[in-house]
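Asker: Next up is a structure, given as structure tokens.
The values are calculated or read from the model by the stated rules, or taken from the named source; none is laboratory data. A quick note: this is a predicted structure, and the numbers were derived from the prediction, not measured. We place every Cβ from the backbone using ideal geometry, glycine too, and count neighbours over all the protein chains shown.
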Amino acid sequence: MGLILLEALLAMAVLVAIVWWTMFSGRDKGELPQAPPADAQRDAASDSENK
């Protein structure tokens with residue numbers, strides 16, 4: 001029984017490591033910055049067209 005729990009714990013650790021690696025491996029500072037709301041982008045685009 002203990003061996004099964006150990007194996008399940010190891011599998012979970014491997015899964016978490018894979019997810020962590022794929023999410024954060026190529027980024028210098030973790031998550032990407034949030035994009036401005038769509039309304040702000042639309043307003044900026046319409047302002048540049050009116051000039």
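Asker: I'm told Gly2 meets every condition in (1) at pLDDT below 75; (2) exposed (fewer than 10 other Cβ atoms within 10 Å of the Cβ) except one. Can you identify the failing condition by its number?
Answerer: (1)
Asker: Test of understanding: among Ala35, Ala13, which residue is modelled with pLDDT under 95 and over 12 Å from the mean Cα position of the chain (by Cα)?
Answerer: On the way: Ala13 fails: modelled with pLDDT under 95.
Ala35 is the lone residue from the list that is modelled with pLDDT under 95 and over 12 Å from the mean Cα position of the chain (by Cα).
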